[in-house]
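Q: Have a look at this one.
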Amino acid sequence: MVTAKTIGFDRFGDVDVFEERTGEIALNSTNNVLVKVKKVGINPVEAFVRSGKMSRSAAPAQFHVLGNEVVGEVVKLYDNASNLSIGDNVIVKPGAGGYADYLTTNARNVFKVPAEMPLDFAAGFSATASTAYWALYGGFYDLKKGDTLAVVGASGSVGNFVVQLAKSFDVTIIALASAHNEAYLKESGANVFIDYRDSDAVAAYANKADFVVDASLFNKGEKVALQLVKEGGTYLGMTTLPQDTLGKNVKVVFLSRTPAMTNAVVMPFLFKFYEEHGLTLKIAETLPLTVAGVQEAHRLIVSDRAAGKIILTTED
Ligand SMILES: NC(=O)c1ccc[n+]([C@@H]2O[C@H](COP(=O)([O-])OP(=O)(O)OC[C@H]3O[C@@H](n4cnc5c(N)ncnc54)[C@H](OP(=O)(O)O)[C@@H]3O)[C@@H](O)[C@H]2O)c1
């Protein structure tokens, strides 16, 4: 048994719903790895969940603890039921429960951090780069040599990994983001940069993309994305899907996960890609893993912040 501190909520609402609770957690044959949390990556969808916008119920069924991008240290194992060792630094993708100082999870959600990978990167990349991987390899559109790929929200955590992973295809990459992110996106591998607020620049590339990945925050860039996709092309949404396609004959697909889309598939791919080609992650802010830190992180998600990931840390 370990006494764990968790930061969660038992009602939906603004950031003031967060509170800290303490409880005993124990290992068993299902949750067979105990991890001491070091860092947690924040994802925009967590603000949706906290606000209740993703729930049909008036309140969460139980005290809800968010957090699906965790880095920590293995401190205990149940029956040594995995190839992990005490003291390993690991990436944990528990689904939820990461806003905590300790968590238990199943070993299938746990991956050793490669020796050369910085912990901040490890904490911020696992869910977002996985999403980017499925956007490109999930069967929504098969990129072919010579295609044009447009990425809306290319300065964001997911969109930027789409750009970086797409470099290994022989395609033209159009990246859309705020003007101040142009240099960052050219460095990431974009062939063309468009400021999504510049309607003339957007119009110049209208109907040019075979495949548009809309990784804009809460689909705010949906209209721009639909302008870029050509007749017969594919639009991939991540938050919601468009009600209409501006009158175009466009295939509209949502990035939903199937049972085959497992961590066991994507994580080894990402580790290999990182080793062979490198991947980078811009960190916008690092905050303490406290109630105040979580509240500030959730405020920042919806603000007009600098590009990059928000990381919570238990370390000074
Ligand atoms: N379906 C799934 O499996 C899944 C998984 C993960 C994430 N998501 C969703 O994917 C989205 C992106 O997540 P993230 O972590 O990458 O978010 P993020 O890091 O906050 O990035 C958001 C991006 O949206 C852009 N943006 C903001 N307002 C825009 C507008 N009006 N028009 C066009 N672009 C705009 C930002 O560009 P600038 O900052 O340059 O303005 C930035 O590039 C979120 O909505 C998230 O919920 C879905």
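The values are calculated or read from the model by the stated rules, or taken from the named source; none is laboratory data. This structure is a prediction, so every number in the text was calculated from the model and none was measured. No Cβ is skipped: glycine too gets one built from the backbone with ideal geometry, and neighbour counts run over all protein chains shown. Protein only, heavy atoms only, side chains kept; ligands, DNA and RNA dropped before computing areas. Shrake-Rupley method; radii C 1.70, N 1.55, O 1.52, S 1.80 Å.
Q: Write down the accessible area per residue of the chain in Å², having rolled a 1.4 Å probe over the full set of protein chains.
A: Result: 45 Å² per residue.
Q: On to the next question. Sort largest first and round to whole Å: the equivalent ellipsoid semi-axes of the range 1-159, each the square root of five times a Cα gyration tensor eigenvalue.
A: 29, 23, 13
Q: Separate question: List the aspartates and glutamates whose Cα sits under 13 Å from the Cα of residue 272, skipping any in the same chain fewer than 8 residues away.
A: Straight-distance partners of residue 272: 116.
Q: For the range 139-254, which whole-number percentage of the solvent-accessible area (1.4 Å probe, protein heavy atoms only) is attributable to carbon and sulfur atoms?
A: Carbon-and-sulfur percentage of accessible area, whole number: 48.
Q: Next question. In the calculated pair distance distribution of the chain, what percentage of Cα-Cα distances lie above 36 Å?
A: I get 19 percent for the Cα pairs in the chain exceeding 36 Å.
Q: Still on this model: Test of understanding: what is the full-extension gain from residue 183 to residue 169, defined as 0.36 nm times their sequence separation minus their Cα-Cα distance?
A: 2.9 nm
Q: Given the convex hull of the Cα atoms of the range 11-57, what is a quarter of its surface area in nm²?
A: Projected area, direction-averaged: 5.1 nm².
Q: Run down the lysines and flag those whose C-alpha is under 27 Å from the C-alpha of residue 223, throwing out any fewer than 8 positions away in its chain.
A: Within reach: 53, 144, 145, 167, 186, 208, 248, 251, 282, 309.
Q: Would you mind getting me the FRET efficiency between residue 280 and residue 195? Use the beta-carbon distance for r and R0 = 22 Å, nearest 0.05.
A: 0.55
Q: Scanning the chain for helices, which whole DSSP H stretches are 24 Å or more long along the axis (Cα) and average -1.0 or more by Kyte-Doolittle?
A: 119-137
Q: Output wanted: per-residue J couplings in Hz (rounded whole) for the range 87-92, from phi through Karplus 6.51 cos²θ - 1.76 cosθ + 1.60, θ = phi - 60°, x for Gly and Pro.
A: x, 5, 7, 9, 8, 10
Q: If you don't mind, another one. Leaving out ligands, DNA and RNA, and with a 1.4 Å probe, what % of the accessible surface on the range 275-316 is carbon or sulfur?
A: 47 percent
Q: Sticking with this structure for a sec: Based on a Kirkwood Rh over C-alpha pairs, give the Stokes-Einstein translational diffusion coefficient of the range 139-254 at 20 °C and viscosity 1.002 mPa s in µm²/s.
A: After rounding, the answer is 158 µm²/s.
Q: A further question follows. Taking a point 7 angstrom from the Cα of residue 243 along the C-beta vector, which residues in the range 211-236 have backbone N less than 14 Å away?
A: Within reach of a label on residue 243: 223.
Q: Where the accessible area of the range 1-71 is counted over protein heavy atoms with a 1.4 Å probe, how much of it, in %, is carbon and sulfur?
A: Within the range 1-71, the accessible surface is 47 percent carbon and sulfur.
Q: A follow-up question, please. Please state the charge dipole magnitude for the chain, taken about the Cα centre, from unit charges on C-beta atoms (+1 on K and R, -1 on D and E), reported in debye and rounded to the nearest 20.
A: Taking the Cα centre of the chain as origin, the dipole is about 620 debye.
Q: Where the centre of each part is set by its Cα atoms, how far does the range 261-301 sit from the range 49-71, in angstrom?
A: Between the Cα centres of the range 261-301 and the range 49-71 lies a distance of 19 Å.
Q: Run the quick spin-label model on residue 29 and residue 75: label points 7 Å from Cα toward the beta carbon, then report their separation in nm to one decimal.
A: According to this spin-label approximation, the distance is 2.6 nm.
Q: Next up: Gain in length, residue 137 to residue 59, computed as 0.36 nm per residue apart minus the alpha-carbon separation, to one decimal in nm?
A: Residue separation times 0.36 nm, minus the Cα-Cα distance, leaves 24.5 nm.
Q: In addition: Net charge near residue 310: determine it from the other residues with C-beta under 9 Å of the C-beta of residue 310, scoring Lys and Arg +1 and Asp and Glu -1.
A: Surrounding charge for residue 310 is 0.
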